[in-house]
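Below: one structure, written as structure tokens.
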Amino acid sequence: MPFPSGVVPQLRLACSMRIIRPRLPQRSAFPGHHYRDLPERDDQASVNAVRLHGYEDGEKHREGQQMSVIDLRSDTVTLPSPAMREAMYRAELGDDVMGEDPTVNRLEALAAEVAGKEAGLLVVSGTMGNLVSVLTHCRRGDEAIVGDRSHLFNCEAGGASALGGVVFHPVPTYSFGELDLGALSGAIRPAATNLHYAPPGVICLENTHNRCGGTILPPAYLRAVRDLADRVGIPLHLDGSRIFNAAVALRCEVRELTCYADSVQFCLSKGLAAPVGSLVCGQADFIARARRVRKMIGGGMRQAGVIAAAGIVALTTMVERLAEDHHNARVLAEGLAEFPGMQLDLETVQTNIVLFGPARPDPAKPSFAQLLAEEGVKIGDLGGGRFRAVTHYGISPADIQRALGIMRRVWRQIFSIG
Ligand SMILES: Cc1ncc(COP(=O)(O)O)c(C=O)c1O
């Protein structure tokens, strides 16, 4: 059954009016944190230059700009900003497994504050954050109820099953990333009174939704799933790898989206451009248990302040600029949508991801992604004639125009139309 009483379509319309042409928010997303070191255009260009030459140098920098590859495969390809490198160099360190790394402790406290939770836990990746969360919520034999298009179910090597004996129970996903509420409700089975069922252990949502094209789960939907979770007494975990993109697009605080979840995992190393790290946030007792699980799977780190220092810069300086990525994605999508024979749903372009492909894919034609890469533009090939372009730190409006020009030329070459 779709979302009740047409709430999502209405919200979608209201949200899309705000999402479609994002402006830079006027206020700090985190009261008390100032956006110092907001990257200048030069900083962004130096990212491209460093990508090519491995160091920052005026001459090489200009050279790098001319030659640079425009890498739109993912927002994970971002390199740390100069401010991050500086912070990593200067980080105050200690042994984090003993709880003595002051920089990690600061990052975890900051993350908890941002997410509106009691405590935070630094982990190495989004995958580890989701794994630790699911293993903390579930016992062996419990079910994790997940979207059939979720990253957790499709792209994390089945870790919760392999390592924790957790059973994945996938339910259908709508095109904006919502799980069908009727199916969700039906997936929560009465194991207490029926021996045949594995007990439900956790419901997992993803916001923004990667495979749906960076689409946003709005607060009304999150609230509806929260209500369901409360009715059946099951915790709700949020894979918020790109939750900052959602918050910036909706112009709300992250905590206005995370308040519905018992636990949230968000990534520092995607749009926020830090080199490594994700945070799991939740209530203090949950995080204490999650800390033990992290240790058990080998995720206890020692002088992890080197990583955390970049994370603090990411959280305090790299959030508002996500609006630039959203704007760039919008421009790219609108340009691509005009290519003849293109299939691209502009409604799903709500943040920094653009999904597209030929309306009539033909496996006999040369690969669009491969030919583009030869021309210096990298995109993701999702298979089946679908492609993905992701905007991020280091990609400028000029890069988007250059990429569009090359894409148009290669598109014509392959599809010989227009
Ligand atoms: C929605 C989502 N969840 C989790 C992950 C995993 O993050 P990581 O690559 O840091 O393990 C990703 C990575 O792209 C993702 O898009």
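None of the figures in this text is laboratory data; all of them are computed from the coordinates on show. Worth saying up front: this structure is predicted, and the values here are computed from it rather than measured. Cβ atoms come from the backbone with ideal geometry, glycine included; neighbour counts cover every protein chain shown.
Okay, here's what the table says:
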| read-out | value |
| --- | --- |
| Gyration tensor verdict on region 122-183 (Cα atoms; rounded if a/c is under 1.5, prolate if a/b is larger than b/c, oblate otherwise) | oblate |
| Antiparallel bridge percentage (DSSP; both residues within region 83-317; nearest 5) | 45 percent |
| Percent of Cα pairs exceeding the 20 Å cut-off, where the set is region 262-374 | 62 percent |
| Residue order, fewest to most surrounding Cβ atoms within 10 angstrom, among MET342, MET84, MET301 | MET342, MET301, MET84 |
| Isotropic mean projected area of the C-alpha convex hull, region 83-317 (nm²) | 11.8 nm² |
| Sorted by Cβ neighbour density within 10 Å, fewest at the top, the residues VAL248, VAL306 | VAL306, VAL248 |
| Partner aspartates and glutamates for LYS365 [C-alpha distance under 20 Å; skip if fewer than 8 residues away on the same chain] | GLU374, GLU375, ASP381 |
| Exposure proxy order (Cβ contacts within 10 Å, fewest to most) of CYS212, CYS204, CYS155 | CYS155, CYS212, CYS204 |
